[in-house]
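Asks: Dropping the structure in here first, questions after.
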Amino acid sequence: MSEPVQMDISELTEEDITLDKLIGNWKIYQLKRGHRFSVDDQMTAVIAAELVPNAKRMLDIGSGIGSVGLMTLYKLPSDAVLTMIEAQNISHQLAKRTISHNNLEHRTKPLFGDLRDTSQLLGEKFPLITGSPPYIPLGKGVASPHPQRAACRMELRGSIFDYAKTAAKHLEDDGTFVVCFAGTDPRGEESIREAGLHLSLRQDIVFRADLPPTITILAAKKTPVEEVDVRDAIVIRNAEGKWTEDFWKIRKSMEID
């Protein structure tokens, strides 16, 4: 398969880019008609910040426009540092613009590269690693004609197995890997086992009441846990399509609204 098409921010106008609230007083640059941050990113950050609230260093792999990493960083100690690695040029450039806008240069290390080749990390290990990979295998869906959106939805540069493998390589012995994946796809937990990690938490997210979970947030550690924390599903919208009280509380706790 050929290398996915790259976009460059120089090809765009300011009308192609929006500046939106991310969390608290931090804002984020994203494409008006490209990939935009979502509930997937918000819930990954919620769980990551809850599980490792005092992390002073974290790594976000396949970091995209920076939404997962930056939302998690916002909830960590004020001296915590986020390292990000992203292979899409346009997403990497947008993330750097976001970092500059929020004056976060001293707290971030945005790296341009493929998460399957982490030589830039020089073997560094982290107490917290996050990821929100694409979860549609090639041949199982229709790829968007928009290069950025296609790479965020389709497994063009590896899969959840690559994310788990990289996380296992760079996780501290007592560290935690938090990843978002499709709720009904068994490959999420399979990838954790194949990487030699141990599932410690599963949090299903139901986008609308009475439907199967759309996504799940999985947490894993290097050492076995006595019992996996399988939590009751979080429901985003009720049967009428309105946000639930639980989701309102989460948004408030994350200073999203």
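The values are calculated or read from the model by the stated rules, or taken from the named source; none is laboratory data. Please read these numbers as outputs of a predicted model, since none were measured by experiment. We place every Cβ from the backbone using ideal geometry, glycine too, and count neighbours over all the protein chains shown.
Asks: So is Thr83 in contact with a strand residue (DSSP E or B) (Cβ under 8 Å, 6 or more places away or on another chain), touching a residue at least 12 places away in the same chain (Cβ under 8 Å), crowded, with 19+ Cβ neighbours inside 10 Å and not in a strand (DSSP E or B) or not? Please lay out each step first, then the result.
Replies: On the way: in contact with a strand residue (DSSP E or B) (Cβ under 8 Å, 6 or more places away or on another chain): yes; touching a residue at least 12 places away in the same chain (Cβ under 8 Å): yes; crowded, with 19+ Cβ neighbours inside 10 Å: yes; not in a strand (DSSP E or B): no.
Here the answer is no, as Thr83 does not meet what is asked.
Asks: How about segment 239-257: which of its residues are in contact with a helix residue (DSSP H, G or I) (Cβ under 9 Å, 6 or more places away or on another chain), surrounded by 12 or more Cβ atoms within 10 Å (Cβ to Cβ) and part of a loop (DSSP other than H, G, I, E, B)?
Replies: Met254, Glu255, Ile256 - these are the residues of segment 239-257 that are in contact with a helix residue (DSSP H, G or I) (Cβ under 9 Å, 6 or more places away or on another chain), surrounded by 12 or more Cβ atoms within 10 Å (Cβ to Cβ) and part of a loop (DSSP other than H, G, I, E, B).
Asks: Report whether or not Ala49 is modelled with pLDDT of 95 or more and either more than 23 Å from Ala182 (Cα to Cα) or surrounded by fewer than 23 Cβ atoms within 10 Å (Cβ to Cβ) (or both).
Replies: yes
One line per residue, one yes/no per condition, for (1) within 23 Å of Val52 (Cα to Cα); (2) touching a Gly at 6+ places or on another chain (Cβ under 8 Å); (3) surrounded by 15 or more Cβ atoms within 10 Å (Cβ to Cβ):
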residue	(1), (2), (3)
Asp185	no, no, yes
Ile192	yes, no, yes
Leu199	yes, no, yes
Arg202	yes, no, yes
Pro212	no, yes, no
Val230	yes, no, no
Ile236	no, no, yes
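Asks: On the given criteria, is Lys32 farther than 15 Å from Ile129 by Cβ, surrounded by fewer than 20 Cβ atoms within 10 Å (Cβ to Cβ), among the basic types (Lys, Arg) and touching a residue at least 12 places away in the same chain (Cβ under 8 Å)?
Replies: Against the criterion (farther than 15 Å from Ile129 by Cβ, surrounded by fewer than 20 Cβ atoms within 10 Å (Cβ to Cβ), among the basic types (Lys, Arg) and touching a residue at least 12 places away in the same chain (Cβ under 8 Å)), Lys32 qualifies.
Asks: Can you spot a residue in segment 35-48 that is of a type outside the set (Ser, Thr, Tyr) and over 15 Å from the mean Cα position of the chain (by Cα)?
Replies: no
Asks: Scan Gln42, Gln6 and give me the residue that is surrounded by fewer than 17 Cβ atoms within 10 Å (Cβ to Cβ) and within 19 Å of Pro133 (Cα to Cα).
Replies: Values: Gln42 fails: surrounded by fewer than 17 Cβ atoms within 10 Å (Cβ to Cβ).
That would be Gln6, the only listed residue that is surrounded by fewer than 17 Cβ atoms within 10 Å (Cβ to Cβ) and within 19 Å of Pro133 (Cα to Cα).
Asks: Under 6 Å by Cβ, and 6 or more places apart or on different chains, what pairs join a residue from segment 99-127 that is in a loop (DSSP other than H, G, I, E, B) with one that is hydrophobic (A, V, I, L, M, F, W, C) and crowded, with 16+ Cβ neighbours inside 10 Å?
Replies: Filtered contacts from segment 99-127: Asn102/Trp26; Gly113/Ile85; Asp114/Ala87; Leu115/Ile61; Leu115/Ile85.
Let's see how each residue does on (1) within 16 Å of Asp40 (Cβ to Cβ); (2) at pLDDT 95 or above; (3) of a type in the set (Phe, Trp, Tyr):
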{"site": "Leu199", "(1), (2), (3)": "no, yes, no"}
{"site": "Val206", "(1), (2), (3)": "yes, yes, no"}
{"site": "Thr214", "(1), (2), (3)": "yes, no, no"}
{"site": "Lys221", "(1), (2), (3)": "no, yes, no"}
{"site": "Glu227", "(1), (2), (3)": "no, yes, no"}
{"site": "Arg251", "(1), (2), (3)": "yes, no, no"}
{"site": "Glu255", "(1), (2), (3)": "no, no, no"}
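Asks: Picking from Val52, Val68, which residue would you name as being touching a Pro at 6+ places or on another chain (Cβ under 7 Å) and β-branched (Val, Ile, Thr)?
Replies: Val52
Asks: Only one of these conditions is not met by Ser78: (1) in a loop (DSSP other than H, G, I, E, B); (2) modelled with pLDDT of 95 or more; (3) surrounded by 14 or more Cβ atoms within 10 Å (Cβ to Cβ). Which number is it?
Replies: (3)
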